[in-house]
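Reviewing the structure listed below.
The values are calculated or read from the model by the stated rules, or taken from the named source; none is laboratory data. Being a predicted model, the structure only gives us computed values, none of them experimental. Backbone-built Cβ (ideal geometry, glycine too); neighbour counts: all protein chains shown. In case anyone asks, the SASA skips ligands and DNA or RNA and just uses the protein heavy atoms, side chains included. Shrake-Rupley method; radii C 1.70, N 1.55, O 1.52, S 1.80 Å.
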Amino acid sequence: DVSRLLGAFGGGGHAPASSALLKGHTGRGTFHALQACLKTMLADAMSATTIMETHVETIRQNWSLQDAARFLEDSDRSGMPVTDPGGKLCGYLSLRDINKARRGGQMTGPVSSHMVRRVVSGAPGSSLREIENLFFSHTIYDLPILEDGRIVGIVTRDAYLRARTGQATV
């Protein structure tokens, strides 16, 4: 609402288009006054912390692909982050990876043999726009949120879309 913002400077108009005439103010002074006014009026940008799920199920890298497939099916998920024995993210396993192993008759092998090792991830402070860019530039469906290499949450594409359309968060 631009009229609300410019009203603080004696201006007016309607929400999408307003004006104010400032006389006797320096450019720098006006800039700082405008910044201070914006800080009080603007809501904080949505970040990963706002929309992420904090309970994150993971697959262990030493599980067999057969066990991982069963776990994914029981969890009704199409993929999950993979963690090492210390709990750090080390990969991502999807149904597509499992199907490749199944076709090759390698379902008794470890998850680490078929997982994707370069996992796209975000940080707790990642903005909605950064999350959007990661989802669409990498064609991923889950975005693990990391702090010091450990998963602190996950943003699903569904949670991102709900936040983007103004629906309730997770």
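With 22 Å as the cut-off, how large is the P(r) tail for region 79-170, expressed as percent of Cα-Cα pairs? Could you put the intermediate results ahead of the total?
On the way: 1418 of 4186 pairs.
Distances greater than 22 Å cover 34 percent of the Cα pairs.
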Query - Label-point separation in nm, S64 to E130, each point 7 Å along Cα→Cβ - result: 4.1 nm
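Of the accessible area of the chain, with the probe set at 1.4 angstrom, what percent is carbon plus sulfur?
Details: 5330 of 10450 Å².
So the carbon and sulfur contribution to the accessible surface is 51 percent.
Helix-derived [θ] at 222 nm for the chain: sum -39500 (n - 2.57) over DSSP H runs of at least 4, divide by residue count, nearest 500? Mind dumping the intermediate values first?
Details: 7 runs with 64 residues, N = 170.
Using -39500 (n - 2.57) per qualifying helix, the result is -10500 deg cm²/dmol.
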Report summary line: Low-density loop trypsin sites (Lys or Arg not before Pro), region 2-70, at most 14 other Cβ within 10 Å, DSSP non-H/G/I/E/B, are K23
Query - the chain: DSSP helices with Cα axial extent of at least 24 Å and average Kyte-Doolittle hydropathy no lower than 0.0 - result: none
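Can you pull a Stokes-Einstein diffusion coefficient for region 30-122 at 4 °C (1.567 mPa s), Rh from Kirkwood over Cα pairs, as a whole number of µm²/s?
Working: Rh = 15.6 Å.
It comes out at roughly 83 µm²/s.
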Query raised in the report: How long is the gain from D74 to R150 if the chain were fully straight, where each residue apart is worth 0.36 nm and the alpha carbon distance is subtracted?
Result: 25.0 nm
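Quick one: compute a quarter of the convex hull surface over the Cα atoms of region 51-103 and quote it in nm². Walk me through the intermediate numbers first.
Numbers: hull surface 15.9 nm².
Computing the convex hull of the Cα atoms and averaging its projections yields 4.0 nm².
For the chain, what does the equivalent ellipsoid look like in terms of its semi-axes, each the square root of 5 times an eigenvalue of the Cα gyration tensor, given largest first in whole Å?
Values: eigenvalues 470, 45, 28 Å².
After diagonalising the Cα gyration tensor, the semi-axes are 48, 15, 12 Å.
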Report task. Return the FRET efficiency for the residue pair T54, M107: r is the Cβ-Cβ distance, R0 is 45 Å, and the value is rounded to the nearest 0.05. Result -> 0.90
Report summary line: Between H32 and A123, the FRET efficiency computed from the C-beta separation at R0 = 25 Å comes out, to the nearest 0.05, as 0.25
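Which value, in Å³ per residue, describes the convex hull spanned by the Cα atoms of region 91-145? Could you put the intermediate results ahead of the total?
Details: hull volume 4.1 nm³, N = 55.
Hull volume over Cα atoms, normalised by residue count, gives 74 Å³.
Provide the percentage of antiparallel DSSP beta bridges, counting only those with both residues in the chain; round to the nearest 5. All intermediate terms of the calculation are to be shown ahead of the outcome.
Details: 19 of 22 bridges.
If I count the DSSP bridges inside the chain, around 85 percent turn out antiparallel.
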